[in-house]
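Accompanying notes for the structure given below.
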2 protein chains.
Amino acid sequence: MPFAVPVAEQRFLLQHVAGINALAAMPAFADATPDMVDAVLEGAASFAEGAFAPLNRVGDTIGARRTEAGVMMPPGYVAAYHDYVAGGWGTIDADVALGGQGLPFSVATAVLESLGTANLSFALCPTLTVGAIEAISAHGSVEQQTMYLPKLVTGEWTGTMNLTEPQAGSDVGALRTTATPQADGTYRIKGTKIYISYGEHDLAENIIHLVLARTPGAPAGTRGISLFVVPRFRVCADGAIGAANDVRCVSIEHKMGLHASPTCVMSFGDRDDCIGEIVGPEHGGMRAMFTMMNNARLNVGLQGVEIAERATQAAVDYATGRVQSARAGAASRESVAIVEHPDVRRMLLRMKALTQGARALCYHAAGQVDRAHQGDAAARVRVDLMTPLVKAYGTDVGVEVSGIGIQVHGGMGFIEETGAAQHYRDARIAPIYEGTNGIQAADLVGRKLTGDAGAGLAALLAEIRGEASDEAGLMVLVDSVERVAEALRTGDGDDRLAGSYPFLTMLSVATAGWLMARQGRAAVGDDGFARMKRAVVRFYLDRLVPEAAGLSAGALSGAAGLYAVGVEELVA
Amino acid sequence: MPFAVPVAEQRFLLQHVAGINALAAMPAFADATPDMVDAVLEGAASFAEGAFAPLNRVGDTIGARRTEAGVMMPPGYVAAYHDYVAGGWGTIDADVALGGQGLPFSVATAVLESLGTANLSFALCPTLTVGAIEAISAHGSVEQQTMYLPKLVTGEWTGTMNLTEPQAGSDVGALRTTATPQADGTYRIKGTKIYISYGEHDLAENIIHLVLARTPGAPAGTRGISLFVVPRFRVCADGAIGAANDVRCVSIEHKMGLHASPTCVMSFGDRDDCIGEIVGPEHGGMRAMFTMMNNARLNVGLQGVEIAERATQAAVDYATGRVQSARAGAASRESVAIVEHPDVRRMLLRMKALTQGARALCYHAAGQVDRAHQGDAAARVRVDLMTPLVKAYGTDVGVEVSGIGIQVHGGMGFIEETGAAQHYRDARIAPIYEGTNGIQAADLVGRKLTGDAGAGLAALLAEIRGEASDEAGLMVLVDSVERVAEALRTGDGDDRLAGSYPFLTMLSVATAGWLMARQGRAAVGDDGFARMKRAVVRFYLDRLVPEAAGLSAGALSGAAGLYAVGVEELVA
């Protein structure tokens, strides 16, 4: 199917949602001139369309495979990844000192979006590398930074996050992997990790595992966790690749989707010879993990937007080509393309509205990340508040939109060859990994809402009211969000959690509605992009915003009703 | 995973929603005594659990395959199907004169539900046979009825519906298959049909295809279509199986789910020797098709309930066994089963509420089918109104609930071995086949809403108000449904279609809310079932009903906004 990165949309969002002009006015981002940003967007789009997109289907049908020689990527992936490294597509926002280009995270977000829209499974690899870079940048020693970061920035080496164990999923504190200190200051790592994306592959010469483990005598729970860097191949003092470390992939999962991404069970220290170095202080693992996870959560939210965009393009393409039935009520009885039928249009516009709304959350958060990096404390608060929204709403949108995409295709949507089914299958992991969406909702009503007595939320709502007071429906939703937030924040803990998910959706839609309204005002003129944007904005505000207002009763219903039934009766 | 047919729920719904006691008081259904109905429910449950359920996973992993010898079902299916025939599970509501048991359709609905909950792919075969039985019963000649019905009723022969062609999906009138009359009164059929479920298989000794085709000189469109019965093997005058007819499966589709159900491309008359008989009058095909489709639509809505029930049981089972994290705010820091966490409970209760609400629509419609068969004109109107609701809402529920089922499983949900992914993949076809849900919505606001000037809807809303006036939230939704219905009915045709889908959901939830409220009142006492039912009813009324009220703005938004954007801009 045809596919094009939506560069005009990216440019528009960088300008009106991420605020790239203001960023470019900061000394740190002086290079982010309009010409430079355009060149990056166009180049990334061209690379994503030419190198990543054509491999999406073979990635699904063949998938990553585990062989005697290790995990092998599907045909074409190794060459495309080498081109990715050679093109410098991983270096956009990395420090210039490390070989990066020093551009804003917002621009890197657009580049990653292009890659992920082209091929979600493939782009997950660089996404994970980013997490490793951030953990080592924030918490690693100078030696570790010197040893690992330059190669991770270019993508010559890739990174992984090793958190989950069979008994420790959402409850990270239950992990059992051990790290035993050695006389030379290193640690011997021993344990099994599951769900390790890109835990093994043949794309790069080394894989840098970041591993959560427990040192001897460490306190129980999350307070006793430390972070370790465990390279697949040891790295010599001169930076050369050394002997293999005692870490290996013992199986890969048979998943519903995302087949090109190898999901590994990793065994560390089978032969008691897995060497790792501690990153940051002992028992500082949770803090380091949050560093890794937070931007990863933003990028997983972006994955929802990516699969939604891809599914929408496929659906629009199908709907404009598939001729079926005359238009109801039309004078002509000639059959028309199904895009002409009102309910198909409704589906397509819903796909576009959801996708663009979720994208707006991603770009707003990205712009705030850039400001936070420059020391803006309010921006840091906003990023923290936005992270669960971006992650959960973005990935929910990916699932819903890819489902509508199947529906637009009719019977063809259920046939694998069409490709719509792959989007639907691929999309379904995103609400689960990097913290389930339920965990995001708990984070929102816990740390993010009550942690600062609601100040961050109040600032956001004030900003929405200040800018979009002429959108009556949006103001109704914002008032409702405020009421629900106050009730949850000051209420019982179980009630707060019981209402967390509908509240998260309400707040996400209110925030996206604000950013959509802004885009509607900015989309002046009569060119095609402006007309499309205005129509999609109206769909968002007139249909999706009122839907979200319907969630407030559920958000306020409390927990008692959920516990009125015993576990035995649930089973019955 | 453990699985049990919810017999107590079926019994409760037959009593309080289908009104089985009143049915049993009718002379036609005198056999439907409580003891008899109980015996049927228990027997069907036991058969479904023992014979159909264990084959669900092998059906997915191996699937139906096309071989030199024809389409082969997965291992175990042939034997289980023979047991199905021997047990008489297809004969529940068939005429006694044809070898049936003459019980209400409502009871047959429960039996089919048990089979489909155990194994959706497998139970689709009997579902299609029912369509063939109804078409031949209503429109066939006495000779055709004598020749085909007894074997179809027992399931010794199976039936198919052959409507779709590559250019004729939702637009049935565009079909091109031809039927040329022969001197002996039969017709030669020639053409290709696609998406023919169970078009070929090795379960039964004959397959009776019901085929829509066009006679020479027939008018264009749906008015020129006739229905033909085309047996795979010709049937001799004495009922014995004769020579093979010129009809064959030329390929089967590679689908996202429902792998055990062979979806065939059927070629009729490759060698110009495919003989069929006309069913009913020439050009009477559409009427006969609606006979076939209408109950098929009810049964496809039921499929949504079936997959939702199966997904819910799997999720509850997982959530009660998976231990992860301490309960937030609890004194004990011991980890608990995730069913104890508020947001997981919310998910499980949402699954149960959606499933039970959709099931209530199915059983209400089934009870009305039984009354309509006994000459109740108001019941016929109700069935016609309910059919698009049951089909679309039931299948939407199947998709949503199976999606939540994956979420409850966390990362395990994305791994195929767990089984939750199969439910999610299987569920996705139901909103598409037997008339897409968009077609159902168009049928609702067209024929069903405007055809009788809104009288059928008014009767339904009056009944809801009369019985559930104490449910304030439900009354708000009913008022909103009435306002939207009036606006759509009296408004522009495009606006009506633009609002059709959200209106369908609103009306479905209002109707289900009414039937849930009734169940809540009936669920007295302190046994586990009654406590569960009351909790699920409250969840439906307090959370799902207000959500549906949020759809009214979208339903009233009209079509202009959908056409504010040109096709070129949608592509951009």
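The values are calculated or read from the model by the stated rules, or taken from the named source; none is laboratory data. Since we're looking at a predicted model, the values are computed, not measured. Every residue, glycine as well, gets a Cβ built from its backbone with ideal geometry; the counts of neighbours run over all protein chains shown. Surface accessibility is based on the protein's heavy atoms, side chains included, excluding ligands, DNA and RNA. Shrake-Rupley method; radii C 1.70, N 1.55, O 1.52, S 1.80 Å.
Taking the Cα centre of the range A:436-563 as reference, the dipole from Cβ charges on Lys and Arg (+1) and Asp and Glu (-1) amounts to some 320 debye. Across q = 0.04 Å⁻¹, the protein assembly as shown modelled as identical point scatterers on its alpha-carbon atoms has Debye log10 I(q)/I(0) values of -0.21, in the order of the q list.
Quick one: if the Förster radius is 22 Å, what FRET efficiency do residue B:447 and residue B:486 give, using the C-beta to C-beta distance and rounding to 0.05?
Numbers: r = 17 Å, r/R0 = 0.79.
For residue B:447 and residue B:486, the calculated efficiency is 0.80.
How high is the relative contact order of chain A, in percent, counting Cα pairs under 8 Å that sit 6 or more residues apart?
Working: 1081 pairs, mean separation 72.7, N = 572.
Relative CO of chain A lands at 13 percent.
Using a 1.4 angstrom probe on the protein heavy atoms only, could you order A:514, B:89 from most to least accessible area? Display every interim value, and only then the final one.
Details: A:514 0, B:89 45 Å².
The most accessible residue leads, giving B:89, A:514.
Residue of chain B with the Cβ closest to the rotation axis carrying B onto A, and that distance rounded to whole Å: B:550, 1.
Remark on residue B:327: its backbone amide H falls under 5 Å from those of B:336, a criterion applied only to residues 5 or more positions apart or on other chains, H modelled at 1.01 Å from N. Across the range B:402-532, the mean sequence separation of Cα contacts (distance under 8 Å, 6 or more residues apart), normalised by length, yields a relative contact order of 20 percent. Ligands, DNA and RNA excluded, the heavy atoms of residue B:137 present near 50 Å² of accessible surface to a 1.4 Å solvent probe. Residue by residue, the range B:253-258 carries 3J(HN,Hα) couplings of 7, 8, 9, 5, x, 6 Hz when phi is fed to the Karplus relation 6.51 cos²θ - 1.76 cosθ + 1.60 (θ = phi - 60°); x denotes Gly or Pro. Taking 0.36 nm per residue of sequence separation and removing the Cα-Cα distance, the residue B:167/residue B:184 pair yields an extension gain of 3.0 nm.
Give me a single rounded figure for A:433-443: the average over its residues of other chain Cβ atoms within 10 Å of their Cβ.
For this peptide, the per-residue mean of nearby foreign Cβ atoms is 3.
With a 1.4 Å probe and all protein chains in place, put A:283, B:201 in order of accessible area, largest first. The partial results should precede the final answer.
On the way: A:283 75, B:201 5 Å².
Descending accessible area places them as A:283, B:201.
As a rough guide to protection, the peptides B:406-418, A:45-57, A:67-79 ranked by mean Cβ packing within 10 Å, highest first, stand as B:406-418, A:45-57, A:67-79. Shown is the FRET efficiency for residue A:254 and residue B:38, computed with R0 = 35 Å from the Cβ-Cβ distance and rounded to the nearest 0.05: 0.25.
Among the residues of B:420-426, the average count of other protein chain beta-carbon atoms within 10 Å of the residue beta-carbon is 3. Counting Cβ atoms of other protein chains within 10 Å of each residue's Cβ and taking the mean over peptide B:123-132 gives 0.
In this simple spin-label model, placing a label point 7 Å from the Cα along the Cα-to-Cβ direction at both residue A:271 and residue B:26 gives a separation of 7.7 nm.
Here, P(r) means the percent of Cα pairs in each 5 Å bin from 0 to the largest distance; for the range A:436-563 it is 2, 12, 20, 20, 17, 12, 8, 5, 3, 1, 0, 0. Each label point was placed 7 Å from the Cα along the Cα-to-Cβ direction; for residue B:61 and residue A:378 their separation is 5.8 nm.
From most to least packed by mean Cβ count within 10 Å, the peptides B:323-331, B:544-552 give B:544-552, B:323-331.
Grab the DSSP H runs of chain A that are 4 residues or longer, score each as -39,500 (n - 2.57), total them, divide by all residues and round the 222 nm result to the nearest 500 deg cm²/dmol. Working shown, then result.
On the way: 21 runs with 295 residues, N = 572.
-16500 deg cm²/dmol, from helical runs alone.
Structural descriptor for the range B:1-155: relative contact order 25 percent, calculated from alpha carbon pairs under 8 angstrom and at least 6 residues apart.
Ordered by solvent-accessible area of protein heavy atoms (1.4 Å probe), largest first, the residues A:341, B:209 come out as A:341, B:209. Backbone amide hydrogens, once placed in the peptide plane, bring residue B:428 within less than 5 Å of nothing, excluding anything fewer than 5 places away on its chain. Scanning the protein assembly as shown for cysteines with no neighbouring cysteine C-beta under 4.7 angstrom from their C-beta gives A:125, A:236, A:274, A:362, B:125, B:236, B:274, B:362. Restriction of the trypsin sites (Lys or Arg not before Pro) in the range B:220-323 to DSSP coil positions whose beta-carbon has at most 14 other beta-carbons within 10 angstrom yields B:271.
Ranked highest first by average number of other Cβ atoms within 10 Å, how do B:186-195, A:419-428 line up?
Those peptides, ordered most packed to least, come out A:419-428, B:186-195.
Over every Cα atom in chain A, the radius of gyration and the widest Cα-Cα span, Dmax, amount to 23.7, 87 Å.
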